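Step one of this worksheet: look at the structure below.
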Amino acid sequence: MYDYDMLVIGSGPSGRRAAVQSAKLGKSVLVVEKGRRVGGVSVHTGTIPSKTLRETVLNLSGWRERGFYGRSYRVKQDIGAGDLMARLQKTLDHEVEVLEHQFSRNTVRTARGEARFVSPHEIEITSDAGEKRIVSAAHVLIACGTRPFRPDYVPFNNTTVFDSDEIIELPKLPRSLAVIGAGVIGVEYATIFSALDVAVTLIEPRPTFLDFIDKELIDEFMHELRDRNVALRLGSAVNSIEVGENGRITTKLGDGRHVTTEMLLFAAGRFGATDRLNLEAAGLKVDHRGRIDVNPATLQTEVPHIYAAGDVIGFPSLASTSMEQGRVAACHAFGLNPPPPPEYFPYGIYSVPEISTTGLTEEEVRKKGIPYEVGIARFRETSRGHIMGLNSGIMKMIFSTKTRRLLGVHILGEGATELIHIGQAVLNLKGTIDYFIENTFNYPTLAEAYKIAGLDAWNRMGR
Ligand SMILES: Cc1cc2nc3c(=O)[nH]c(=O)nc-3n(C[C@H](O)[C@H](O)[C@H](O)COP(=O)(O)OP(=O)(O)OC[C@H]3O[C@@H](n4cnc5c(N)ncnc54)[C@H](O)[C@@H]3O)c2cc1C
């Protein structure tokens, strides 16, 4: 009756996971992607490019070795934009190749073009050349993601004033950079450029930032940024941004201060890429940020055979959670009802240094009125930390004093986004402080911090 069992709009993490899952269930699948190559924001402008850039910067700048050899240590002296691009291109090519192979192995069909609804079961696909065709599907997954918010007052020019999709292709490295927006993306790029000794000013209209992270970690993080000369302008609204005749960019702040820099990154928010989907024809609507409302358990929209997943449904807007949403949507569409996901997922922020967190923050524990104790470990207390020359890095664990259960883990420092998974496993398996006290950890490792933080809390909690 329909051309396909499942049609997926967008080939980012949620779309591709849904497509492969549907194919593994023996269903016919078409993925429609308007971009030049499959992969989505995640592969082409977001997750993978920013993390590749970060890795390249840390390697070429010798950042990880500076604890030993001093702040002036460099692996490569004159790092240019070309050095950063070379590794990026190779990584992206490899990612796309793996994806294409995954699709072909699983007989997932792809169509290059822009999708829009003509009815709840019919999608029109327009190719770059303007050719149109209509395909029908029993189920549709909207996995179109987001695009950067580009307000009119920002003079974007793709040479000195960028949004977060454009910055990965910057033509040269600036001596100074203003970053507007201290969300995850802004903080990541601000700290990556600062690791290259670019003079960075991070501007945020709100007085605080990354409010979902444990405050003690953010205090520590801010201290590290200031120590590295990252200028923080918190609580400063932007009044105007002007490119002067000399090409320099002046950002005028509400408190009267001016920030003049060679380049500017505007990273204050993203919008659902839903405006060209003709959602009315499908009987769907969006909120003020172009996002679609779904049932979080099934990922169904208000039209039951149409699902939405990934960034287009809003928080947490991560590639990791998007993939899981895609899988759940596909399973539900074809009658498999996967159990609800575990309560806690990890949040990773690839700033320099990394931040990763799972479970409740101390502020949340207090708000819930749970009696608790905190254990802290500093990476410089571990032998691995000595070997690596780490001067910073902190792990904070929170335990219930009533049940002894782990409530949250918060890490700032080298390897945080990998280390967090130990805490995540204990948390979701409802483990207690005794796990950390009784188990043996590899030595010398940074994971040993779990034991140190556990003992720190245990010393205060007693048996
Ligand atoms: C700078 C940056 C860094 C990030 N870092 C991380 C990180 O470290 N870890 C992490 O987990 N997440 C990270 N994210 C978030 C992550 O990239 C997103 O959560 C993820 O890409 C969302 O996946 P998605 O399935 O919504 O699809 P997306 O990756 O957003 O892709 C959507 C695709 O749909 C296509 N599309 C849109 N409309 C149509 C249409 N009408 N027809 C056909 N195709 C269409 C687009 O071309 C695009 O290819 C980062 C994001 C950014 C911007």
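Scan Val20, Val31, Val41, Val57 and give me the residue that is under 20 Å from the mean Cα position of the chain (by Cα) and within 19 Å of Glu97 (Cβ to Cβ). Reasoning before the result, please.
Details: Val20 fails: under 20 Å from the mean Cα position of the chain (by Cα); Val31 fails: under 20 Å from the mean Cα position of the chain (by Cα); Val57 fails: within 19 Å of Glu97 (Cβ to Cβ).
Every option except Val41 fails the conditions.
The rows are residues; the columns are (1) in contact with a helix residue (DSSP H, G or I) (Cβ under 6 Å, 6 or more places away or on another chain); (2) within 10 Å of the ligand (Cβ to nearest atom); (3) of a type outside the set (D, E, K, R).
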site: Gly269; (1), (2), (3): no, no, yes
site: Leu277; (1), (2), (3): no, yes, yes
site: Thr301; (1), (2), (3): no, no, yes
site: Pro304; (1), (2), (3): no, no, yes
site: Glu343; (1), (2), (3): no, no, no
site: Ile349; (1), (2), (3): yes, yes, yes
(Q) Can you report the number of residues in the stretch 13-45 which are open to solvent by 10 Å² or more (accessible area, probe 1.4 Å) and among the β-branched types (Val, Ile, Thr)? (A) 4
Q) Does Lys51 meet the test of being in contact (Cβ under 8 Å) with a residue 24 or more places away in the chain, more than 9 Å from the ligand (Cβ to nearest atom), of a type in the set (D, E, K, R) and open to solvent by 10 Å² or more (accessible area, probe 1.4 Å)? A) no
Q: Identify the single condition in (1) free of Cβ contacts under 8 Å to residues at least 60 places away in the same chain; (2) open to solvent by 30 Å² or more (accessible area, probe 1.4 Å) that Tyr350 does not satisfy, given that it satisfies every other one.
A: (1)
Q | Single residue of the stretch 17-44 satisfying the filter (of a type in the set (Lys, Arg) and within 13 Å of the ligand (Cβ to nearest atom)) that is nearest to Glu114 (Cα to Cα) | A | Lys34
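Only one of Arg233, Arg291 is within 16 Å of the ligand (Cβ to nearest atom) and among the basic types (Lys, Arg). Can you tell me which?
Values: Arg233 fails: within 16 Å of the ligand (Cβ to nearest atom).
Result of the check over Arg233, Arg291: Arg291.
Just checking, which of Val328, Val286 is among the hydrophobic types (A, V, I, L, M, F, W, C), more than 22 Å from Pro148 (Cβ to Cβ) and modelled with pLDDT of 95 or more?
The unique qualifying residue is Val328.
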Q) Gly385: on the phi < 0 side of the Ramachandran plot, more than 25 Å from the chain's Cα centre (by Cα), buried (at least 19 other Cβ atoms within 10 Å of the Cβ) and in a helix (DSSP H, G or I), yes or no? A) yes
Q.
I need a count of the residues in the stretch 72-84 that are more than 18 Å from Ala190 (Cα to Cα) and either of a type outside the set (Phe, Trp, Tyr) or touching a residue at least 24 places away in the same chain (Cβ under 8 Å) (or both).
A. 8
(Q) Considering only the stretch 130-147, I want to know if a residue exists there that is open to solvent by 10 Å² or more (accessible area, probe 1.4 Å), modelled with pLDDT under 95 and not in a helix (DSSP H, G or I). (A) no
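Within the stretch 102-123, track down each residue that is part of a strand (DSSP E or B) and either touching a residue at least 40 places away in the same chain (Cβ under 8 Å) or away from the ligand (no atom under 15 Å from the Cβ) (or both).
Taking the stretch 102-123 first, the residues part of a strand (DSSP E or B) are 109-112, 114-119, 122-123.
Correct list: Arg109, Thr110, Ala111, Arg112, Glu114, Ala115, Arg116, Phe117, Val118, Ser119, Ile123.
Yes or no, residue by residue, for (1) in a helix (DSSP H, G or I); (2) within 16 Å of the ligand (Cβ to nearest atom); (3) farther than 26 Å from Val184 by Cα:
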{"position": "Pro353", "(1), (2), (3)": "no, yes, no"}
{"position": "Val365", "(1), (2), (3)": "yes, no, no"}
{"position": "Ile398", "(1), (2), (3)": "no, no, no"}
{"position": "Lys402", "(1), (2), (3)": "no, no, yes"}
Q | Residues being more than 6 Å from the ligand (Cβ to nearest atom) and of a type outside the set (A, V, I, L, M) - total across the stretch 311-330 | A | 8
Q) In the stretch 423-447, which residues are in a helix (DSSP H, G or I) and over 21 Å from Phe221 (Cβ atoms)? A) Ala425, Val426, Leu427, Asn428, Ile433, Asp434, Tyr435, Phe436, Ile437, Glu438
Q | Matching option when the condition is farther than 17 Å from Ile48 by Cβ, away from the ligand (no atom under 16 Å from the Cβ) and surrounded by fewer than 18 Cβ atoms within 10 Å (Cβ to Cβ), among Ser127, Ser176, Ser72 | A | Ser72
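Going by the conditions given, is Ala190 at pLDDT 95 or above, open to solvent by less than 40 Å² (accessible area, probe 1.4 Å) and outside any loop (DSSP other than H, G, I, E, B)? Give the steps one after another, and end with the answer.
Numbers: at pLDDT 95 or above: yes; open to solvent by less than 40 Å² (accessible area, probe 1.4 Å): yes; outside any loop (DSSP other than H, G, I, E, B): yes.
Yes; evaluated as a whole, the condition is true for this residue.
The values are calculated or read from the model by the stated rules, or taken from the named source; none is laboratory data. Keep in mind it's a predicted model, so treat the numbers as computed, not measured. Methodologically, a virtual Cβ is constructed for each residue, glycine included, from the backbone with ideal geometry; neighbour enumeration extends over all protein chains shown. Protein only, heavy atoms only, side chains kept; ligands, DNA and RNA dropped before computing areas. Shrake-Rupley method; radii C 1.70, N 1.55, O 1.52, S 1.80 Å.
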